[in-house]
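The values are calculated or read from the model by the stated rules, or taken from the named source; none is laboratory data. This is a predicted model, so every value here is computed, not measured. Neighbour counts run over all protein chains shown; Cβ positions are idealised from the backbone, glycine included.
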Amino acid sequence: MFEKINLEEELRKAGSEEKRNQTKTLLGFKALFQTDWEREQEISQVLSRGAVSEALLSPEKLDEQNIFELDDIKKLCINYRLRFLSTKHFKSDFPREAMTEIKNVENRSGEKISAFMIMAPSTMFKLEDANKDPLLFTPLSDGRFYLIHKWGGDLSPFRKILAWPFKNLVNLVSTIFFISFFLASIIPIDMLSSNNDFFSFYRAAFAAWNVIFLSGMVSFFWFALHQKFSVSAWNDSTFN
């Protein structure tokens, strides 16, 4: 009349197939997130130590539009007075989007990225002596560089103009002469002499004085602040 109860069978009935499938799904997601988290930790370590490995990415499976020659990167750095250095010198945080893009590039290429470079203003680096707008690259096996991610705002349109005098010595000297003669040309003649002629000895003398004065001031602050021209500073990890 009353059948005996088999506890093992009752236990198996209690654990329905649906529940077991849900558990398997949750465990699968957990394993996926664990693997993803571990890879992000590895990427963070590579970013912080700026490791450069011989096992660089191959360009075959990557978007050709995001691949750049070193000469192009150098030209941009010089024009806008930027630095192109290993990520170990970068002092700001990397956004979440950059980490996502790194993993996307790895998925497309089927390889792990083991080296990173970044282009940014010098204020965003921990330079040896020792804010924006960084571009994250990885070097490729053919000597070019792949742009992974760019964040921050755009550069001011005046940055290139302001950076022009610091590209090289010729530009700096040209700027000093231009400013000197510009100031000499706009000063009223009656402040220089009683002679009403625009082109006079006094105006030329004032222009020469401006050149000497500005050259002295620029030289003083240039050496006092250990400044370098952009043509040599673009990939230099030392201060200024």
- Message: List pairs: first residue in the stretch 100-123 and farther than 15 Å from residue 235 by Cβ, second residue assigned to a loop (DSSP other than H, G, I, E, B) and basic (Lys, Arg) anywhere in the structure, Cβ distance under 7 angstrom, at least six positions apart or on different chains.
- Response: 106/112
- Query: So which of 42, 97, 60 ends up being exposed (fewer than 14 other Cβ atoms within 10 Å of the Cβ), modelled with pLDDT of 85 or more and part of a helix (DSSP H, G or I)?
  - Reply: 97
- Note on the structure: Within the stretch 69-91, of all residues that are out of contact with any strand residue (DSSP E or B) (no Cβ under 8 Å at 6 or more places or on another chain) and surrounded by 15 or more Cβ atoms within 10 Å (Cβ to Cβ), the one farthest from residue 234 (Cα to Cα) is 88
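Any idea which residue in the stretch 100-112 is surrounded by the most Cβ atoms within 10 Å (Cβ to Cβ), counting only those that are of a type outside the set (Asp, Glu) and part of a helix (DSSP H, G or I)? Show your work before the answer.
We begin by selecting, within the stretch 100-112, every residue of a type outside the set (Asp, Glu); these are 100, 102-105, 107-110, 112.
Still in the running and part of a helix (DSSP H, G or I): 100, 102-105, 107-109.
Values: 100: 12, 102: 24, 103: 16, 104: 12, 105: 21, 107: 10, 108: 12, 109: 18.
Out of the qualifying residues, it is 102.
This table checks each residue for (1) within 30 Å of residue 206 (Cβ to Cβ); (2) out of contact with any strand residue (DSSP E or B) (no Cβ under 6 Å at 6 or more places or on another chain); (3) exposed (fewer than 14 other Cβ atoms within 10 Å of the Cβ).
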residue: 67; (1), (2), (3): no, no, no
residue: 114; (1), (2), (3): no, yes, no
residue: 151; (1), (2), (3): no, yes, no
residue: 157; (1), (2), (3): no, yes, yes
